[in-house]
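Data block below; observations after.
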Amino acid sequence: MKKTALILFLTLNISCESIDNKNPNIILFFVDDLGWTDLSFMGSKYYETPNIDNLSKSGMTFYNGYASAANCTPSRATMFTGKYSTSHGIYTVADNKDLVGSERGNDKTRKLIPIKNKRNLDLEFFLIPEMLKDKGYLNAHFGKWHLGNEGFHPEDQGFDFNFGGNQTGGPKGGYFSPYKNPNISDGPKGEYLTDRIGDEVVNFIDNNQNETFFAYVPFYSVHTPIQSKKDLQKKYLLKDGNENHNRADYAGMIQSVDENIGKIINEIEKLGLSENTLFIFTSDNGGIRAISSQSPLRAGKGSYYEGGIKVPLIFSWRGKIKEGSKSYERVSNLDFFPTIQKIVGYKNNDLKLDGVDLNPIFEGRNIEKRALFYHFPIYLQAYNVQEDNGTDPLFRTRPGSVIIKDNWKLHHYFENNKKELYNIENDISESYDLSKVNVQKTKELFNILNLWRETNNAPIPFEKNIKYDQKFVDSINLLIIDGKLSGRINTNW
């Protein structure tokens, strides 16, 4: 959108007879790669997040909140469609070579030919912003989109305004202006992207305070590259960390996100909109373990152990959700669509959503018992072979599926039909595989998982990879064990 058109768009009050002023404004903060413990209200003594802490105090915090996938694109696609990845076919992100992204890692280390991955979120899907548009909402997108190339951007999928969203997963030019992003006009040299996004959201709210709006704020931060403002980095260099949280530049990025969330919340309060605004705060997936360990959770981004999918989650709506309330229900961003549908009174009951409405929890009631499912029929190579603590040193995860039901979690891997069973209430670190001890529970969950895969036509890779070389794998593993191979690895070695 040209700059002149953008100014007109933001300054005009758009009249729309279909607007239902009883519905709340909705602001969804969707931070990128922020881990479960990367906030002070979640226990960190190093990161400082006073504004997000206050948001937690103002509403309900879910301590068993999950992302619907372990990396960026599938988590976003599932959240917006309200449907599992088996419906939209997006399981991972395209790699740096601009491929579909399912054949990660060295050919010689993959036993199976993975399922092909879709790059774009098909336009046939009905998304949260499209539902809200039907209810008279003005929809604005600020930051990272990462759901497709040209023709599949935010303005093609229900948003009236797009600031910064395109096919890229990280800020192409880094976090300082010039940004090298066609959907962001450059600011003064050295302007910080997170601050700019915060300012754009505040301007949008100020200019459209008489509208009913949905502001989706998927900060590019704290995605790599890890770049903090210099003064914040210096601040954290002088602060004592611990073995899990100690990286000053990453801490500075988190503080910038927190400051800008505070800026946006303050604007809502200043305009007297607090009682008519629903805030949702979460992360798209777990944090990168080599940058910020999520201990006691195992692994991190890209893995289907808890560290890759468990995320901070807050719902806050003054007068509607009890202040300082807590929930330990296992919920997911898959549930956002039916929850928002109920809140805004969208009457189409034929959407066939996979999540559940969370409103009963806000009212102090229970939701229906259900399982959460994850299906990942592809490969995702290691980020850091010594730090990941994933499926094995070469991969954060190999092709497989996961079911979480009650306090039990079953992993099933396709290469060797391996099953792992954990009680994630007693063993949050997923350290003790109980599949051979509790055979009955393993069988029970496996049968439920199989039925779900059959019902959802989940594609399972079965074709053998003729390039697989066990001797090569053994030699690489020996180098890792001997400490001769560490850090980030080239997938071709």
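The values are calculated or read from the model by the stated rules, or taken from the named source; none is laboratory data. For clarity, every value in this text was computed on a predicted model and none was experimentally measured. A quick note on method: Cβ atoms are made from the backbone with ideal geometry, for glycine too, and the neighbour counts reach across all protein chains shown.
List of remarks:
- Highlighted here are the helices (runs of 4 or more DSSP H) found entirely within region 180-270 that include at least 1 residues which are closer than 24 Å to G158 by Cα, among the polar types (S, T, N, Q) and assigned by TED's automatic domain parsing to the domain that holds D33: 193-207.
- There is no residue in region 63-70 that is crowded, with 24+ Cβ neighbours inside 10 Å, farther than 17 Å from Y220 by Cα, in contact (Cβ under 8 Å) with a residue 24 or more places away in the chain and over 19 Å from the mean Cα position of the chain (by Cα).
- Going through (1) crowded, with 22+ Cβ neighbours inside 10 Å; (2) in contact with a helix residue (DSSP H, G or I) (Cβ under 8 Å, 6 or more places away or on another chain) one by one, Y379 falls short only on (2).
- When L121 is tested against (1) assigned to a helix (DSSP H, G or I); (2) under 20 Å from the mean Cα position of the chain (by Cα), just one condition goes unmet, and that condition is (1).
- The set of residues in region 321-361 being within 27 Å of T37 (Cα to Cα), charged (D, E, K, R) and in a loop (DSSP other than H, G, I, E, B) consists of K322, E323, E329, R330, D357.
- Selection within region 382-427 - among the aliphatic types (A, V, I, L, M) and either surrounded by fewer than 21 Cβ atoms within 10 Å (Cβ to Cβ) or touching a helix residue (DSSP H, G or I) at 6+ places or on another chain (Cβ under 7 Å) (or both): V385, L394, I403, L410, L421, I424
- When the strands (runs of 3 or more DSSP E) confined to region 385-434 are screened for residues that are within 19 Å of Y84 (Cβ to Cβ), of a type outside the set (V, I, T) and in the same structural domain as L445 (by TED's automatic domain parsing), those reaching at least 1 such residues are found at 400-405, 408-413.
- Top-ranked residue in region 303-350 [being of a type in the set (K, R) and under 22 Å from the mean Cα position of the chain (by Cα); ranked as farthest from R289 (Cα to Cα)]: K326
- Residues that are among the hydroxyl-bearing types (S, T, Y), surrounded by fewer than 23 Cβ atoms within 10 Å (Cβ to Cβ) and either modelled with pLDDT of 95 or more or under 21 Å from the mean Cα position of the chain (by Cα) (or both) are absent from region 131-148 altogether.
- All conditions but one from (1) closer than 17 Å to V31 by Cβ; (2) crowded, with 18+ Cβ neighbours inside 10 Å apply to P225; the one that does not is (2).
- Hits in region 156-193 (condition: surrounded by 17 or more Cβ atoms within 10 Å (Cβ to Cβ), under 23 Å from F126 (Cβ atoms) and not polar (S, T, N, Q)): G158, F159, D160, F161, G165
- Every condition in (1) outside any helix (DSSP H, G or I); (2) in contact with a helix residue (DSSP H, G or I) (Cβ under 9 Å, 6 or more places away or on another chain) is met by A290 except one, and the failing one is (2).
- Conditions (1) under 30 Å from W317 (Cα atoms); (2) buried (at least 23 other Cβ atoms within 10 Å of the Cβ); (3) outside the structural domain of Y216 (by TED's automatic domain parsing): number failed by F337: (3)
- Output for region 89-104, where each listed residue is at pLDDT below 90 and of a type outside the set (A, V, I, L, M, F, W, C): D95, N96, K97, D98, G101, S102, E103, R104
- Test result for L278, buried (at least 22 other Cβ atoms within 10 Å of the Cβ), assigned to a strand (DSSP E or B) and not acidic (D, E): yes
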